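Structure record follows, encoded as structure tokens.
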Amino acid sequence: MEALFLVMPLLMLGIVGFAAFAVIRRAQDVSSAWNSGLTAQARCLRAYTTTSGGGSTSVHTTLHHVYEFFTHEGRVVRFDEPGGSRTTVAGDIVLVHYAANRPERATAKPPARGRLAASTGCLLAFLGVIALVCLGFMAVALVVFV
């Protein structure tokens, strides 16, 4: 029983670590696309929503867009981006930013470095609080059970 009080927080810490890695990776991808200076006209092929939650929690809906564009080398790239503009519909032409080495990680979001830094920082701070709570719980469990 005592092991449960150590294993569960460790599992949660692993999930928090993976989430932090994903947040940092996406921020780097978007920043790299903006900093590359490479842009292209992309067509929105599809717009759709996904939902999560429900039951005893609130429902969260995320808007996704699927874009397709040609790189400067002539390669066709298609990518899916969550959280896009609500006014973009299938058939619209938008400007996308991409890095030459990873065009599939392009973004249709206009450059907003301050917003990217703030949202990344807030998410990492939130994940840090969760990690501290897990560590504190483990510390209390060790004191109580040892």
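The values are calculated or read from the model by the stated rules, or taken from the named source; none is laboratory data. Keep in mind it's a predicted model, so treat the numbers as computed, not measured. Don't worry about glycine lacking a Cβ; one is built from the backbone with ideal geometry, like all the others, and counts go over all protein chains shown. Remember, those area values only see protein heavy atoms, side chains included, never the ligands or the DNA or RNA. Shrake-Rupley method; radii C 1.70, N 1.55, O 1.52, S 1.80 Å.
Tabulated data for the structure shown
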{"item": "Approximate spin-label separation residue 70-residue 28, in nm, with each point projected 7 Å along Cα-to-Cβ", "result": "3.2 nm"}
{"item": "Projected area, mean over directions - the chain, Cα convex hull, nm²", "result": "11.5 nm²"}
{"item": "Degrees, to the nearest 10: 4-36 long Cα axis against longest axis of the chain", "result": "20 degrees"}
{"item": "Separation in nanometres of the label points that stand 7 Å from Cα toward Cβ, at residue 117 and residue 52", "result": "2.7 nm"}
{"item": "C-alpha long axis of helix 113-145 to longest principal axis of the chain, angle in °", "result": "20 degrees"}
{"item": "The stretch 1-142 - share of DSSP beta bridges that are antiparallel (%, nearest 5)", "result": "100 percent"}
{"item": "Stretch gain in nm, segment residue 130-residue 12, where the contour uses 0.36 nm per residue and the Cα spacing is subtracted", "result": "41.6 nm"}
{"item": "The stretch 10-81, accessible area per residue, ligands and nucleic acids excluded (1.4 Å, Å²)", "result": "63 Å²"}
{"item": "Carbon/sulfur fraction of accessible area - the chain, other protein chains in place, 1.4 Å, %", "result": "65 percent"}
{"item": "Relative contact order for the chain, counting Cα pairs under 8 Å that sit 6 or more residues apart, in percent", "result": "31 percent"}
{"item": "Distant alpha-carbon pairs in the stretch 65-116 (separation over 16 angstrom), percent", "result": "40 percent"}
{"item": "Shape of the stretch 2-60, Cα gyration tensor, a/c cut at 1.5", "result": "oblate"}
